[in-house]
Amino acid sequence: MSHQAYTLLGLTAIVGGLVGLLVFAFLRFSAAARDAKGRMRESSTETALLSAALEEAIGRLKAQERAMAARAEASERLSGQIVASLTAGLVVTDLGGRVRILNPSSRRLLGLSDDAAHGLVREVLGSQSALADAIEECLREGQPIVRRSIALNDPRTEVTHLGVTVSPLVDEGGAPAGVICLFTDLTKVMDLEEQLRLKDMLARLGELTAGLAHEFRNGLATIHGYARLMDPEQLPSNQRTYLEGVRAETDSLGAIVTNFLNFARPTQLAVTPVDVRDVIGRVADDVRADATALGGRVAVQGRWGIVSGDEVLLRQAFSNLARNAVEACAPANVALDLCFLGEVDAASQTLRVSVTDNGPGIEAASRDRVFRPFFTTKPKGTGLGLALVQKIVVTHNGRVLALDGPEGRGATMLVTLPLIG
């Protein structure tokens, strides 16, 4: 083989080696590229999975936040509904005595307007100083007040007595935060207690005095009988007037004793449904002639109802009230204006009957005593007419009050009776 052949063979071997090296390098580069692409694909998948997990976690947190907000809103709404639905009055104050909560029942029971909301408790409650005193006492001393009875005297509301409980209010850490006051209407309870007290008093009075009055009437009947047996014509002329005086006084005392025995005797009711409008109509007819004689009139107005009671006794009670008005106006030479006004209270199922006149009225100091036996302001009164009215009304589970007439003129007798449900 020639020298040139060996040279060509060497060059061919070198070229082949270079080509092999290039192929090897290309193959390594291709393998590296494939590995890098695979790693990038895996990294992209992991990133997508991480992003999806984060989005899911954020979605769950937002859902939990919405659920918590909904529960908080529902809890607040429920608390508001509970406060608004309470039949008892609710007043909540802070440590400074500023009202934070005043529910609708509080406004209704206290006669407050809808504008009464926040402010110092004494300013918000206004004339209800007794309730404000109880709240301020609890704020000052930090001790609860349990079931205290307080009296109200406010023309804006018919509530006369409240049962009050005031408790200190504390925060989550147990520190004082104010007071919470709950109160209920005790008017019906107090009225019932008053009725029971009056019934017991009248029963004791009847038992104590009926026997004495009976014995007194027996002695009086003897005196009256002997006085009737005596012939005035057989007496000297200067003594006949004495006999007539004895007869007149025994007749008068006999009538008083009879009236008192009627008052003291236990009342037996013949209970039937009674249309009070019919009873008042007959009473008005009975006194209309007397009112006309005084230059006045008798009016029957308003709404009426049916009560369970004794028609005869109810007519006697209202007749006594009407006669009392006539007798009050006659000496004063007043043209009698007598009005019977009926009002139905559907909430309490009661009938209020106002008997109003335009006479001289009743002095404030005498109003609490006019229904006591033997109390009278009339020169020839027995003091049993209004006492008998009260006994009849109380026996019918009602009550009677003496009030000022409209615009401070005359007097009003307010009778309240339970309606048939």
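Residue by residue, what Karplus-based ³J(HN,Hα) values in Hz, rounded to whole numbers, does segment 61-67 have, using 6.51, -1.76 and 1.60 with θ = phi - 60° and x for Gly and Pro?
Whole-Hz 3J(HN,Hα) from phi for segment 61-67: 4, 5, 5, 5, 5, 5, 5.
Just how much of Leu49 is accessible, in Å², when a 1.4 Å probe is used and the result is rounded to the nearest 10?
Here the residue's solvent-accessible area equals roughly 120 Å².
May I ask which residue of Thr93, Val121, Leu78 lies farthest towards the positive end of the charge dipole of segment 77-125, with charges of +1 (Lys, Arg) and -1 (Asp, Glu) on Cβ and the Cα centre as origin?
Leu78
Quote the accessible area belonging to His118 in square angstrom, nearest 10, computed with a 1.4 Å probe and with ligands, DNA and RNA left uncounted.
120
Using θ = phi - 60° and the Karplus relation 6.51 cos²θ - 1.76 cosθ + 1.60, list the HN-Hα couplings for segment 98-109 in order, rounded to whole Hz, with x at every Gly or Pro.
Listing the rounded values in order: 8, 6, 9, 9, 9, 7, x, 5, 4, 4, 5, 5 Hz.
Once amide H atoms are built 1.01 Å from N in the peptide plane, which residues 5 or more positions from Leu169, or in another chain, come under 5 Å H to H?
Under 5 Å from the amide H of Leu169: Ala177, Gly178, Val179, Ile180.
With θ set to phi - 60° and the Karplus curve 6.51 cos²θ - 1.76 cosθ + 1.60, what are the ³J(HN,Hα) couplings of segment 227-242 in order, to the nearest whole Hz, using x for Gly and Pro?
Going residue by residue, I get 5, 6, 6, 6, 9, x, 5, 8, 9, x, 4, 6, 9, 5, 5, 5 Hz, with x marking Gly and Pro.
Around Gly296, which amide H atoms from residues at least 5 apart in sequence, or from another chain, sit under 5 Å from its own amide H, with H modelled in the peptide plane?
Distant-sequence amide H within range of Gly296: Leu336.
Straight-line reach from Lys391: which aspartates and glutamates have Cα under 12 Å away, leaving out those fewer than 8 places along the same chain?
By straight Cα distance, Lys391 reaches Asp200.
Let's test the formula: R0 of 60 Å, r as the Cβ-Cβ distance of Arg77 and Ala293. What FRET efficiency results, to the nearest 0.05?
On the way: r = 68 Å, r/R0 = 1.13.
With a Förster radius of 60 Å, E is 0.30.
Could you sort Cys181, Cys339 by their accessible area in this structure, using a 1.4 Å probe and putting the largest first?
Order by accessible area, largest first: Cys339, Cys181.
Suppose we keep just the DSSP beta bridges with both residues in segment 214-363; what percent of those would be antiparallel, to 5?
65
If you average the C-alpha positions of segment 134-200 and of segment 73-100 separately, how far apart do those two centres end up, in angstrom?
Comparing the Cα centres of segment 134-200 and segment 73-100, I get a distance of 17 Å.
Once you put a point 7 Å from the Cα of Gln349 and another 7 Å from the Cα of Leu61, both along the Cβ direction, what distance in nm separates them?
6.1
The values are calculated or read from the model by the stated rules, or taken from the named source; none is laboratory data. What you see is a predicted model, and the numbers here were worked out from it, not measured in a lab. Every residue, glycine as well, gets a Cβ built from its backbone with ideal geometry; the counts of neighbours run over all protein chains shown. Calculation scope for accessible area: heavy atoms of the full protein, side chains included, ligands and nucleic acids excluded. Shrake-Rupley method; radii C 1.70, N 1.55, O 1.52, S 1.80 Å.
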